[in-house]
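Peer 1: Before I ask anything, let me first share the structure, which is written out below as structure tokens.
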Amino acid sequence: MKNTLKKSLFVGVAALGLVAAVGTANATSASAKSYAKVTSNKALGGDATTRNVNFTGKSALYTKAGTLRGARVKASKAVLSSFANSKSSQHNVRAYRVAATNRGSVYYKVVSFDGAYRGWIYGGKSTGAFGGGVAQYNTTTDPQASTDTSSSVNSSASINTQGQTTGLSATQKAATYKIANPGTSNDGTEVTYTYPAWTQYKKGRVITDSTPYKDATFKVTDQTTRTREGDLWVKIEATDAANSKANGWILYSGLKQATPATPAENFNADTSVKIAYRDVSTGKTLSNTNTWTTASTGTKQGNSVGALVNAKAQNLGTFIAATGAPSGYKLNTTSGDLKGDGSNVVVTPALSSATFGATLTVDVTPVSSATKVKLQMPGTNGTVNQSLTASDFLYGYPDLTTSAQNESLPPVGTPNGMFTVAKYFDSNSQFTKDINDSTKSNTVQTVQRLHSDIWNSNGQETFGDVTGFYGQKDPNRSTTAIPVYYFYVYNPTETAKANASQLQNGSSVNLVFDRYSTNRTPDPVRTDLNTNTDFIAK
């Protein structure tokens with residue numbers, strides 16, 4: 001999760017009268033003893049989460065705009081400068097009003113997240129970007145990539161959640177967790193939060209006591225680090241819907257690995273052969289194993305397996321072929337495609353010499369995971385794109401049928417394989433057609449422009465029908481009588497800008513969606529297609 005601030009703070013700035021007020025210099029030279037006058041004082045519009053700022057130490061905090069009569073200092077430049085480098089997210093700051101003076105200066109009213117400091121601060125000469133005493137600020141940042149570059153999962157690995165600041169490895173992402181010390185402490189480790197603590201203004205806890213969830217297990221669905229503290233937070237989701245009220249953000253150090261069930265040991269040296277797997281790219285034997293057991297009686301350790309079969313009438317070779325390779329790998333063959341009887345699988349020792357009680361090692365090659373996508377909105381004025389989550393959409397993430405995913409996304413290949421982004425995601429690609437096709441998605445809808453019923457992020461009306469996905473209600477435009485919804489439309493051009501021209505197979509592709517607003521009522525979500533969101537990196 002990454003909260004990317006937008007430099008453009010208003011919807012229809014001109015409509016607020018700020019451009020003229022800020023951009024026009026006072027025609028009459030003020031005397032040295034005269035005070036400035038406020039020509040405009042408005043609440044800031046747009047998504048509140050995009051107005052997080054940081055003090056620069058270049059201006060003090062005042063009770064009113066600093067050049068007005070009676071303005072008093074609430075916090076000096078030195079004090080605010082110390083907050084700028086604070087290691088506590090309680091010193092994060094939100095801007096919520098803007099004032100312009102007849103001298104062409106802009107002042108912002110701000111409040112620290114802990115509520116200790118509230119007042120007006122000089123913000124430069126333009127409402128188009130923060131300046132002066134405040135600068136835009138991301139309260140959370142994407143964690144550094146895990147040092148574990150393998151995409152495979154080691155189900156037997158023991159996980160230590162303490163002290164980690166890098167992103168989760170594949171094994172950690174796949175693991176199941178419990179809250180380590182259930183209780184009521186508000187320190188980030190015992191209860192869950194709507195956002196990582198103190199990273200969004202007035203956004204607090206989901207639950208205040210995790211004791212009722214002491215036995216609940218959770219999967220990790222997202223991760224981020226707090227910019228000031230650098231600590232790793234994860235979003236958790238209960239594996240049992242009955243515990244879903246506890247879903248939210250928590251410090252990764254507040255979790256412990258849930259003890260996996262121990263599989264029953266069914267290996268008998270007199271009746272079984274163990275199958276191990278060797279990763280040919282590293283030469284290392286994987287922890288994954290399988291066991292083939294004969295249906296015959298009277299066999300002893302060291303006897304030849306020969307053509308004997310198991311309870312499913314599979315001989316040893318057929319069993320190896322049918323079982324396949326561990327997740328993330330494929331079986332190596334001496335030539336051509338894998339044969340159903342396993343006769344061309346690379347096995348040591350050879351199948352023909354297999355004996356009961358022995359271990360056969362099968363060579364496997366790693367393959368990349370399927371290509372997935374991450375959803376984003378374009379940043380404004382050069383800012384970084386803003387991530388979109390399932391909760392941003394009215395009906396959850398955009399969905400596609402499995403066949404549409406197979407036909408439109410890059411195929412699974414070897415880790416060294418590459419694909420060209422434009423080939424799969426430009427305006428003429430199959431993916432662009434499929435994501436806008438109501439025969440391949442239950443949630444895609446088309447807004448038919450009848451009057452002034454859909455407009456872009458700059459408040460400009462669009463012309464023609466627009467196809468995309470409904471978002472949540474636009475809080476800045478909705479009224480009790482007329483609800484206005486966000487509407488997300490896939491943008492191939494911005495997608496190309498958000499990715500390298502070529503990516504390795506299995507990479508996550510950044511898909512960019514433009515955000516519109518519409519007062520057209522959304523249709524109910526359909527359920528006639530068998531769709532899923534497996535292609536989205538969650």
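The values are calculated or read from the model by the stated rules, or taken from the named source; none is laboratory data. These numbers were taken from a predicted model, which means no experiment stands behind them. As a convention, Cβ positions derive from the backbone with ideal geometry for all residues, glycine included, and neighbour counts pool all protein chains shown. Heads up: the accessible areas ignore ligands, DNA and RNA and are worked out on the full protein's heavy atoms, side chains in. Shrake-Rupley method; radii C 1.70, N 1.55, O 1.52, S 1.80 Å.
Peer 1: Residues S155, S150, S169, S185: which one is at pLDDT below 95 and open to solvent by 70 Å² or more (accessible area, probe 1.4 Å)? Spell out how you get there, then give the answer.
Peer 2: Details: S150 fails: open to solvent by 70 Å² or more (accessible area, probe 1.4 Å); S169 fails: open to solvent by 70 Å² or more (accessible area, probe 1.4 Å); S185 fails: open to solvent by 70 Å² or more (accessible area, probe 1.4 Å).
S155 is the lone residue from the list that is at pLDDT below 95 and open to solvent by 70 Å² or more (accessible area, probe 1.4 Å).
Peer 1: Related question: Would you mind stating whether R97 is assigned to a strand (DSSP E or B) and out of contact with any Phe, Trp or Tyr (no Cβ under 6 Å at 6 or more places or on another chain)? Walk me through how you get there before you give the answer.
Peer 2: On the way: assigned to a strand (DSSP E or B): yes; out of contact with any Phe, Trp or Tyr (no Cβ under 6 Å at 6 or more places or on another chain): yes.
Yes; evaluated as a whole, the condition is true for this residue.
Peer 1: A further question follows. Residue by residue through region 334-355, note down the ones that are farther than 19 Å from S272 by Cα and open to solvent by 30 Å² or more (accessible area, probe 1.4 Å). It would help to see each step written out before you state the result.
Peer 2: Going residue by residue through region 334-355, those that are farther than 19 Å from S272 by Cα are 334-340, 343-346.
Selection gives T334, S335, G336, D337, L338, K339, G340, S343, V346.
Peer 1: What is the number of the single condition among (1) outside any loop (DSSP other than H, G, I, E, B); (2) of a type in the set (S, T, N, Q); (3) out of contact with any helix residue (DSSP H, G or I) (no Cβ under 8 Å at 6 or more places or on another chain); (4) over 28 Å from T225 (Cα atoms) that S34 does not meet?
Peer 2: It fails just one condition, (1).
Peer 1: Taking the condition of being assigned to a strand (DSSP E or B) and without any contact (Cβ under 8 Å) to a residue 60 or more places away in the chain, how many residues in region 81-94 meet it? Explain how you work it out, then say what you get.
Peer 2: Taking region 81-94 first, the residues assigned to a strand (DSSP E or B) are 93-94.
From what's left, without any contact (Cβ under 8 Å) to a residue 60 or more places away in the chain: 93.
Final tally of qualifying residues: 1.
Peer 1: Out of all the residues in region 31-39, is one or more closer than 19 Å to K125 by Cβ, modelled with pLDDT under 90 and either open to solvent by 50 Å² or more (accessible area, probe 1.4 Å) or in contact with an Asp or Glu (Cβ under 7 Å, 6 or more places away or on another chain) (or both)?
Peer 2: Yes, that holds for at least one residue.
Residue-wise test of (1) in contact with a strand residue (DSSP E or B) (Cβ under 6 Å, 6 or more places away or on another chain); (2) over 30 Å from G506 (Cα atoms); (3) open to solvent by 40 Å² or more (accessible area, probe 1.4 Å).
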site	(1), (2), (3)
N290	yes, no, yes
G298	no, yes, yes
A307	no, yes, yes
N332	yes, no, no
G357	no, yes, no
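Peer 1: What's the total number of residues in region 72-82 that are of a type in the set (A, V, I, L, M, F, W, C) and open to solvent by 30 Å² or more (accessible area, probe 1.4 Å)?
Peer 2: Filtering region 72-82 for residues of a type in the set (A, V, I, L, M, F, W, C) gives 73, 75, 78-80.
Filter once more, so that each one left must be open to solvent by 30 Å² or more (accessible area, probe 1.4 Å): 73, 78-79.
Matching residues across region 72-82 total 3.
Peer 1: Then there is this: Regarding I275, is this residue at pLDDT 90 or above, part of a strand (DSSP E or B) and β-branched (V, I, T)? Talk me through it step by step, then tell me what you get.
Peer 2: Values: at pLDDT 90 or above: yes; part of a strand (DSSP E or B): yes; β-branched (V, I, T): yes.
Spelling it out, I275 is indeed at pLDDT 90 or above, part of a strand (DSSP E or B) and β-branched (V, I, T).
Peer 1: Evaluate region 50-71: report whether one residue or more is buried (at least 18 other Cβ atoms within 10 Å of the Cβ), aromatic (F, W, Y) and part of a helix (DSSP H, G or I).
Peer 2: Taking every residue of region 50-71 in turn, none turns out to be buried (at least 18 other Cβ atoms within 10 Å of the Cβ), aromatic (F, W, Y) and part of a helix (DSSP H, G or I).
Peer 1: A follow-up question, please. Can you confirm whether K125 is crowded, with 19+ Cβ neighbours inside 10 Å and of a type in the set (D, E, K, R)?
Peer 2: Values: crowded, with 19+ Cβ neighbours inside 10 Å: no; of a type in the set (D, E, K, R): yes.
Answer is no for this residue.
Peer 1: Let me ask another. Mind counting the residues in region 85-116 that are open to solvent by 20 Å² or more (accessible area, probe 1.4 Å) and of a type in the set (A, V, I, L, M, F, W, C)?
Peer 2: The qualifying residues number 1.
Peer 1: Related question: Which of the residues spanning region 500-529 are at pLDDT below 90, surrounded by 14 or more Cβ atoms within 10 Å (Cβ to Cβ) and under 19 Å from I435 (Cβ atoms)?
Peer 2: Across region 500-529, the qualifying residues are L503, S507, S508, R526, L529.
Peer 1: Please go through region 439-490 and pick out each residue that is crowded, with 17+ Cβ neighbours inside 10 Å, in contact with an Asp or Glu (Cβ under 8 Å, 6 or more places away or on another chain) and assigned to a loop (DSSP other than H, G, I, E, B).
Peer 2: Listed by number, the residues that qualify are K440, S441, N442, T443, V444, R449, S457, V484.
Peer 1: What pairs can you find where one residue is in region 460-477 and farther than 25 Å from D399 by Cα and among the acidic types (D, E), the other is open to solvent by 20 Å² or more (accessible area, probe 1.4 Å) and assigned to a loop (DSSP other than H, G, I, E, B), and their Cβ atoms are less than 6 Å apart, with a gap of 6+ or different chains?
Peer 2: Listed pairs, sorted by first residue: E461/S452.
Peer 1: Among the residues of region 314-323, is any open to solvent by less than 40 Å² (accessible area, probe 1.4 Å), part of a strand (DSSP E or B) and in contact (Cβ under 8 Å) with a residue 12 or more places away in the chain?
Peer 2: No, there is no match, as no residue in region 314-323 is open to solvent by less than 40 Å² (accessible area, probe 1.4 Å), part of a strand (DSSP E or B) and in contact (Cβ under 8 Å) with a residue 12 or more places away in the chain.
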